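The values are calculated or read from the model by the stated rules, or taken from the named source; none is laboratory data. The shown structure was predicted, so the numbers you read here are calculated from the model rather than taken from an experiment. Cβ atoms come from the backbone with ideal geometry, glycine included; neighbour counts cover every protein chain shown.
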Amino acid sequence: MKNRRSFLKTACKPLVLAALSIPVLEACSSEETPNNPIIGSSSNETPTEPLVINISDGNFADLLSVGGWINYTAKNILLIRISEAEVRAFDNSCPHQGNRDRWSLNGAKFECGYHNNSYSTECSGSLTCYTTTLEDTILTVTF
C-alpha cells in the first residue's frame with residue numbers, strides 16, 4: 001500500500017503535465033504579447049486626456065522616492081519611480097487575463113498576483129507604457 005501511494009504521488013504530476021503541457025505553458029508564460037482591448041464605457045476605460053498628479057499628495061507619497069510604486073486603480077495605471085527625474089506609467093491590465101488589482105513589484109518586474117506572471121518595468125515589455133513628464137512634484141501622464 002505504501003509503495004502504491006508513493007508511486008501515485010510521483011507519477012501523477014508528470015502524467016498531468018504531459019497531458020496539459022502545451023496549453024498550460026502557453027497560458028501561463030511570463031512575457032506574453034498583449035492584446036489591445038477594445039475600450040468601452042466601463043470603469044476599466046483608459047483615460048484619453050493627460051492625467052496630472054501631484055506626487056507630494058499623501059496618496060502618491062510612495063512615488064517621492066526612487067523605487068517607489070503604486071497601482072492607481074482609479075485610473076488603471078501602474079506608476080513606478082525609476083530615478084529622481086523619471087516616473088514610468090503602465091496600463092495595469094495584466095496581458096494574461098486582464099486583471100488589474102493584484103500587482104506587486106519584485107525587483108525590476110511587476111508581478112500579477114493571480115498567476116504570478118511577471119512583466120518588465122522597461123517600456124519595451126509587455127505592459128502598455130505611457131509617456132510621462134515630471135516637473136518637481138507634478139507628474140503628467142499622456143495616454
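Would you mind stating whether Asn92 is under 9 Å from the mean Cα position of the chain (by Cα) and either surrounded by fewer than 19 Cβ atoms within 10 Å (Cβ to Cβ) or of a type in the set (Ser, Thr, Tyr) (or both)?
On the way: under 9 Å from the mean Cα position of the chain (by Cα): yes; either surrounded by fewer than 19 Cβ atoms within 10 Å (Cβ to Cβ) or of a type in the set (Ser, Thr, Tyr) (or both): no.
For Asn92, the condition - under 9 Å from the mean Cα position of the chain (by Cα) and either surrounded by fewer than 19 Cβ atoms within 10 Å (Cβ to Cβ) or of a type in the set (Ser, Thr, Tyr) (or both) - is not met.
Which one of these does Ile82 not meet: (1) within 17 Å of Ala61 (Cα to Cα); (2) surrounded by 19 or more Cβ atoms within 10 Å (Cβ to Cβ)?
Tallying (1) within 17 Å of Ala61 (Cα to Cα); (2) surrounded by 19 or more Cβ atoms within 10 Å (Cβ to Cβ), Ile82 fails exactly one: (2).
Taking the condition of being in contact (Cβ under 8 Å) with a residue 60 or more places away in the chain and β-branched (Val, Ile, Thr), how many residues in the range 48-83 meet it?
5
Do any strands (runs of 3 or more DSSP E) entirely within the range 32-143 hold 1 or more residues that are of a type in the set (D, E, K, R) and at pLDDT 95 or above, and if so, which?
By residue number, 77-83, 86-91, 109-112, 129-135.
All but one of (1) more than 21 Å from Asn59 (Cα to Cα); (2) touching a strand residue (DSSP E or B) at 6+ places or on another chain (Cβ under 8 Å); (3) surrounded by fewer than 17 Cβ atoms within 10 Å (Cβ to Cβ) hold for Tyr114; state the number of the condition that does not hold.
The number of the failed condition is (2).
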